[in-house]
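Participant: I'd like to ask some things about the structure below.
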Amino acid sequence: MDILKHLRGIWGNLFKIGGPDGSQLKNNSGVIEIRDYTDSDYAKLRALKIQSSSQLNDVPTLFDLRGRVANIQFSFAGATPPTVGVNAGKYGFVHTSGGVYTAGDVVYDNAETVSLDVVKEVYNLTTSILVSGSISLNQNGSYSKFGSSWVLVGDGNSTTSGGRRCVSIPYTYDNASPSSTTSIPDNSTILKVINLVLVPFNGTAPTISAVVHGTSGNTDILAIDDSDLLNTYQYENEEILSIDIDYGGVIDVLVEIDGSTVGSGIVYVEFAEPTL
């Protein structure tokens, strides 16, 4: 029969667990060490991975360290997660909320449990795939998490100033208000906005518009009369638009589906940071 006692501690600095060949807890000048049975080397310590109720002094595991900068190799909508084991050993990204998952979650397929592990405390990631949904990520991008938003980082002015760049924002009738993850910088210039209607909408009078969402206000870059969602065409707005200081930000697309049950497209925004 197991015996439990009120035991406050021991006088010595070594506490052996598991008999003569067991591992030991060692007090080394106020530092707890995990030692092997001969006290000649360190022994392994395993613990629970970081949970949602984590605190700053919680000890991370190898799982947590590997996920610190997760490389995203698959993505999915939360309502339709892939079968566990299909992406064994890979990190994934939830691009649209649903089920037990929230858009922006980073997950790991451990090939063992009935649901994918949501990795906690992930603030940086890279992508080896293109992710499209309510949160979209570029392929081969590097992202950092600011609050609840994933923001593309690492492509500073040293490599992009003066060059044309393009942001794409997919939209569908059932995801009618997507935003880009890439931000349009302050003092940049919008060169062209393209609305490519891939599948025509079937509502009465569906419309689409787009703005650059800045901290001091929005800049309209695509008006509702610039395109027709009822017909499959490539609609272009080539008006040059300047993005002032504090008006740079992500691109918000708004689709008024007006009863549509089908329809999809992509908004492309070309911009540059001019040089003198």
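Participant: Identify, from the list LEU14, LEU7, the residue that is aliphatic (A, V, I, L, M), loosely packed, with under 10 Cβ neighbours inside 10 Å and farther than 30 Å from GLU121 by Cβ.
Facilitator: Working: LEU14 fails: loosely packed, with under 10 Cβ neighbours inside 10 Å.
Of LEU14, LEU7, the one residue that is aliphatic (A, V, I, L, M), loosely packed, with under 10 Cβ neighbours inside 10 Å and farther than 30 Å from GLU121 by Cβ is LEU7.
Participant: Now for a separate question. Mind checking which residues of region 207-227 are farther than 23 Å from CYS166 by Cβ and more than 30 Å from the chain's Cα centre (by Cα)? Write out each step before concluding.
Facilitator: Of all residues in region 207-227, those farther than 23 Å from CYS166 by Cβ come to 207, 215-217, 225.
Once the filter is applied, which keeps residues that are farther than 23 Å from CYS166 by Cβ and more than 30 Å from the chain's Cα centre (by Cα), region 207-227 yields only ASP225.
Participant: Could we say that LYS49 is touching a residue at least 40 places away in the same chain (Cβ under 8 Å) and of a type outside the set (Phe, Trp, Tyr) here?
Facilitator: Working: touching a residue at least 40 places away in the same chain (Cβ under 8 Å): yes; of a type outside the set (Phe, Trp, Tyr): yes.
Spelling it out, LYS49 is indeed touching a residue at least 40 places away in the same chain (Cβ under 8 Å) and of a type outside the set (Phe, Trp, Tyr).
Participant: Would you please name the residue that is nearest to TYR268 (Cα to Cα), looking only at residues in region 189-208 that are of a type outside the set (A, V, I, L, M) and part of a strand (DSSP E or B)?
Facilitator: Kept after step one, since they are of a type outside the set (A, V, I, L, M), are these residues of region 189-208: 189, 192, 195, 200-204, 206-207.
Narrowing further to those that are part of a strand (DSSP E or B): 189, 192, 195, 207.
Values: THR189: 14, LYS192: 8, ASN195: 6, THR207: 16 Å.
If we take residues in region 189-208 being of a type outside the set (A, V, I, L, M) and part of a strand (DSSP E or B), then ASN195 is nearest to TYR268 (Cα to Cα).
Participant: Sort through ARG68, ARG35 and tell me the only one that's within 30 Å of TYR101 (Cα to Cα) and modelled with pLDDT of 75 or more.
Facilitator: Numbers: ARG35 fails: within 30 Å of TYR101 (Cα to Cα).
So the residue among ARG68, ARG35 that is within 30 Å of TYR101 (Cα to Cα) and modelled with pLDDT of 75 or more is ARG68.
Participant: Looking at (1) assigned to a loop (DSSP other than H, G, I, E, B); (2) in contact with a strand residue (DSSP E or B) (Cβ under 7 Å, 6 or more places away or on another chain); (3) surrounded by fewer than 17 Cβ atoms within 10 Å (Cβ to Cβ), which one does GLU239 not meet, given that it meets all the others?
Facilitator: (2)
Participant: Can you work out which of the residues in region 55-82 that are polar (S, T, N, Q) and touching a Lys or Arg at 6+ places or on another chain (Cβ under 6 Å) is nearest to PHE15 (Cα to Cα)? Please lay out each step first, then the result.
Facilitator: Here is the first cut: in region 55-82, the ones polar (S, T, N, Q) are 55, 57, 61, 71, 73, 75, 80.
Still in the running and touching a Lys or Arg at 6+ places or on another chain (Cβ under 6 Å): 61, 73.
Details: THR61: 23, GLN73: 44 Å.
This residue is THR61.
Participant: Considering only residues that are among the hydrophobic types (A, V, I, L, M, F, W, C) and either free of Cβ contacts under 8 Å to residues at least 60 places away in the same chain or not in a loop (DSSP other than H, G, I, E, B) (or both), which ones fall in region 163-188? Spell out the reasoning first.
Facilitator: Filtering region 163-188 down to residues among the hydrophobic types (A, V, I, L, M, F, W, C) leaves 166-167, 169, 176, 184.
Those that are among the hydrophobic types (A, V, I, L, M, F, W, C) and either free of Cβ contacts under 8 Å to residues at least 60 places away in the same chain or not in a loop (DSSP other than H, G, I, E, B) (or both): CYS166, VAL167, ILE169, ILE184.
Participant: Can you tell me how many residues in region 110-128 are over 14 Å from ALA88 (Cβ atoms) and in contact with a strand residue (DSSP E or B) (Cβ under 6 Å, 6 or more places away or on another chain)?
Facilitator: Looking only at that region, the number is 9.
Participant: Here's another thing I want to ask about it. Looking at region 138-157, is at least one residue within 25 Å of GLU270 (Cα to Cα) and part of a helix (DSSP H, G or I)?
Facilitator: Just the residues of region 138-157 that are within 25 Å of GLU270 (Cα to Cα), to begin with: 138-146, 149-157.
Of the ones still in play, those that are also part of a helix (DSSP H, G or I) are 157.
Taking every residue of region 138-157 in turn, at least one turns out to be within 25 Å of GLU270 (Cα to Cα) and part of a helix (DSSP H, G or I).
Residues are listed down the side, and each one gets a yes or a no for (1) crowded, with 18+ Cβ neighbours inside 10 Å; (2) touching a residue at least 12 places away in the same chain (Cβ under 8 Å); (3) basic (Lys, Arg); (4) assigned to a loop (DSSP other than H, G, I, E, B):
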| site | (1), (2), (3), (4) |
| --- | --- |
| ALA210 | yes, yes, no, no |
| HIS213 | yes, yes, no, no |
| SER216 | no, yes, no, yes |
| TYR247 | yes, yes, no, yes |
| VAL250 | yes, yes, no, no |
| VAL253 | yes, yes, no, no |
| ASP258 | no, yes, no, yes |
| VAL262 | no, yes, no, yes |
| PRO274 | no, yes, no, yes |
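Participant: Of everything in region 33-58, what is in a loop (DSSP other than H, G, I, E, B) and of a type in the set (A, V, I, L, M, F, W, C)? Give them in sequence order. Let's see the steps before the verdict.
Facilitator: Quick first cut of region 33-58, residues in a loop (DSSP other than H, G, I, E, B) only: 36-41, 43-58.
Selection gives ALA43, LEU45, ALA47, LEU48, ILE50, LEU56.
Participant: Tally time: how many residues in region 26-47 are surrounded by 12 or more Cβ atoms within 10 Å (Cβ to Cβ) and either acidic (Asp, Glu) or in contact with a Leu (Cβ under 6 Å, 6 or more places away or on another chain) (or both)?
Facilitator: So the count comes out to 5.
Participant: Being among the polar types (S, T, N, Q) and in a strand (DSSP E or B), is that true of even one residue in region 2-16?
Facilitator: Pass one, region 2-16, residues among the polar types (S, T, N, Q): 13.
If we keep only those that are in a strand (DSSP E or B) as well, we get none.
Within region 2-16, not a single residue is among the polar types (S, T, N, Q) and in a strand (DSSP E or B).
The values are calculated or read from the model by the stated rules, or taken from the named source; none is laboratory data. In this text, all values refer to a predicted model and were calculated from it rather than measured experimentally. Glycine gets a Cβ as well: all are built from the backbone with ideal geometry, and neighbour counts include every protein chain shown.
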